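Just so you know, all these numbers are worked out from the coordinates, no wet-lab data involved. Just so it is clear, the model here is predicted, and its values are computed rather than measured. We place every Cβ from the backbone using ideal geometry, glycine too, and count neighbours over all the protein chains shown.
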Amino acid sequence: MGKEGTIRRNIGAVIAALFMSMLISQGAFAAENEIAEKCGYDNTSKENPSYQVMNCLLTEAALKANIPAEVVKGIATQENGEWKHFDESGKAIISEDGGIGIMQITNYKESEKDQLKNDLIFNIAKGVKMLNENFKRSDLPRINDHDRNKIESWYFAVMAYNGTKPVNSPIVRDTGERNKEAYQEKVFRYIEAQSSDINGDILLDLKHDELPFNKSDFTYDNSKDESGNIKNIEFEKLQYNVDFVLTETKHHFEQGTIVSVTDAVKLRSQPKTKSDEPQLEKDEFLTITGPFTYDLISNANQFVWYPVVDVEGQSGYVASSYLRGIHEFDDFGLNETDKGFKEVNALYQLGIIKGYTGNNFQPDSLLTRAEAAVFLSRALNLDKLPYNLSFKDVKKDDWFAEDIAAVYHHPKKIFSGKSSTYFGAANRLTRGEMAAVLNRAFELTESSGKTVLLTDIEGHYFGSDIRILAQNNITAGYPDGTYKPDNEITRLHFTLLLYRVLNK
């Protein structure tokens, strides 16, 4: 009876496993059919779809797996630049190393081989699954909180898609320099290139080249294992924390979401670039009014189009490359659009300003000289420098110390100390000092053609700096005709002025 019971249990387990396998297969088949139907593709045709249908197939497969579509399309471009799966005879394209189809699958079960060749959607799904599994790996490094919606979070998952071999090391061991020829670096460059506007300007400025990799983070020696294969890289560091803003995918905006535009852009009447329509201003707020759609005519654009409406009620389409999400602070958000939220959001998205603990911006708090130094260092994209100055009120491990060193050693010496031994890091920045540091940082020039009628700047130490700032339309003073150069400046006011200078 014991043996019979064991046999029955084993048979039951086998049947259950077969049943689960059947359910999984049915689910995958249903998902493939759904994608094919949505994109208008006959998956039995053994023909390459049009460019925009392929764009749809790659995008929808990525979104179903909760992967940024930009990443999947970047891999497909690196693996097969023309986005072709079949050759002219209707057979799957096979690479020299045996990679199959558009996603160049090399790691598969023998039972999957024919389907990978004949079923385009299955091929894409297999590549997406591999990428997803890489993202979950605990032996690969992670960036910040490993947010799936941040494109840079996929850096090492993309690397592993091709293999964690020495050739893909982020750092070249012999020189210590970044390895621009690593697989993942090429993929990320493709992602950036596909976000370019008609002038060739990159709209999706990824931060992968700013990730703080060091030579000691990656151990490898090009030796081979027992099978004769080059050994994988050993990752000595598994967590990277950065303080700059990572790039969010542009494919996850839902109806009702409020977004901003990254640059001046046309509000198109149809989802295509060839039309002459009203111009939207940079950093203007829009509301998404429905799901995205694909380009009607382009054989090159990988972005998608969102239907939107602006604050004046004008509706149309905007390319996803021009859109970004917004960040509302708990104490400063969309209900303050008339008080500077547009400018605050724009500089936050650029990583120039940040809030305090608890997601508060504290717009009315007075700005310290240390905070101003940090803002300007970030705005100018200066490299942080080791702190070796003699100011007694700044310690080398202070959060602002390396930024103070950067602006102090700048060729224009943007900031100097209150004295040779005192920087005044905790001192509040005055409106006069603000004029001086902005002039030095951005090299504003005097304009003899504009008269400045501010009654309290003549003879002031920062009088000429204030005059130049006013001549460049960065500041206008108070309604009573004064500037009040010795008054202290708030975080919000400095942000507004800094935004004007950056967009001058």
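Peptides 461-470, 172-181 ranked from most to least packed, by the mean per-residue count of other Cβ atoms within 10 Å: 461-470, 172-181. Note that the chain carries a Kirkwood radius of 26.4 Å, evaluated over its alpha carbons pair by pair. Applying both filters, DSSP loop and at most 16 other Cβ atoms within 10 Å, to the trypsin sites (Lys or Arg not before Pro) of region 359-462 gives 384, 392, 395, 396, 412, 413, 418, 450.
Which of rounded, prolate, oblate describes region 381-436, given a ≥ b ≥ c as roots of the alpha-carbon gyration tensor eigenvalues and a/c under 1.5 marking rounded, otherwise prolate only if a/b is larger than b/c? It comes out oblate by the Cα gyration axes. Based on C-alpha pairs under 8 angstrom that are at least 6 apart in sequence, region 258-325 has a relative contact order of 37 percent. Amide H contacts of residue 490 (H built 1.01 Å from N, in plane; Pro and chain starts excluded): 367 sit under 5 Å, all sequence-distant by 5 or more or on other chains. For the pair residue 96 and residue 136 in one chain, pulling the backbone fully straight at 0.36 nm per residue adds 11.5 nm over the alpha carbon distance.
The charge dipole of the chain, taken about its Cα centre with unit charges on the Cβ atoms of Lys, Arg (+1), Asp and Glu (-1) only, comes to about 740 debye.
If the segment from residue 338 to residue 299 were pulled out straight at 0.36 nm per residue, it would be longer than the present Cα-Cα gap by 9.9 nm. Could you pull out every one of the lysines with an alpha carbon less than 19 Å from that of residue 418, ignoring same-chain neighbours closer than 8 positions? By straight Cα distance, residue 418 reaches 392, 395, 396. Between region 363-417 and region 331-352, how far is it from one alpha carbon centroid to the other, in angstrom? One Cα centre to the other: 23 Å. Relative contact order for region 142-240: 29 percent, from Cα pairs under 8 Å spaced at least 6 residues apart, divided by residue count.
Residues of region 465-504 with an amide N closer than 17 Å to a point placed 7 Å from the Cα of residue 451 along the Cα-to-Cβ direction: 467-468, 470-472, 481-482.
Relative to the first principal axis of the alpha-carbon coordinates of the chain, what is the inclination of helix 51-64, with its axis defined by its Cα atoms, in degrees from 0 to 90 and to the nearest 10? It is inclined by approximately 90 degrees. Between 66, 76, 92, the Cα set farthest toward the positive side of the dipole of region 22-139 (charges on each charged residue's Cβ, about the Cα centre) is that of 66.
List the pairs from 180/274; 186/274; 126/150; 91/224 whose alpha-carbon separation is above 28 Å, in the order I gave them. Over 28 Å apart, Cα to Cα: 180/274; 186/274; 91/224. Calculated FRET efficiency, residue 107 to residue 412, Cβ-Cβ distance, R0 = 60 Å: about 0.65 to the nearest 0.05. For region 134-139, backbone phi angles converted through the Karplus equation (6.51, -1.76, 1.60; θ = phi - 60°) give residue-by-residue couplings of 4, 5, 7, 5, 8, 8 Hz, Gly and Pro being listed as x. Taking the average, over residues, of other Cβ atoms within 10 Å as the packing measure, peptides 280-287, 186-193, 66-73 rank 66-73, 186-193, 280-287 from highest down. In this simple spin-label model, placing a label point 7 Å from the Cα along the Cα-to-Cβ direction at both residue 239 and residue 396 gives a separation of 2.5 nm. Distance between the C-alpha centres of region 73-94 and region 135-163: 24 Å, rounded to the whole angstrom. Counted residue by residue at 0.36 nm each, then reduced by the alpha carbon distance between them, the extension gain from residue 221 to residue 502 reaches 96.6 nm.
Charge dipole (Cα centre; +1 on Lys/Arg Cβ, -1 on Asp/Glu Cβ; no other charges) of region 334-502 amounts to roughly 280 debye. Angle check, please: helix 183-193 long axis (alpha carbons) against the longest principal axis of the chain (alpha carbons), in degrees 0 to 90, nearest 10. Helix 183-193 sits roughly 60 degrees off the main axis of the chain.
Remark: the Cα gyration tensor places region 334-502 in the oblate category, a/c being 1.5 or greater and a/b not exceeding b/c.
Nearest 10 degrees is fine. How inclined is helix 369-379 to the longest principal axis of the chain, computing both from alpha carbons? It is inclined by approximately 50 degrees.
Using R0 = 30 Å, the C-beta based FRET efficiency linking residue 84 and residue 37 works out to 0.85.
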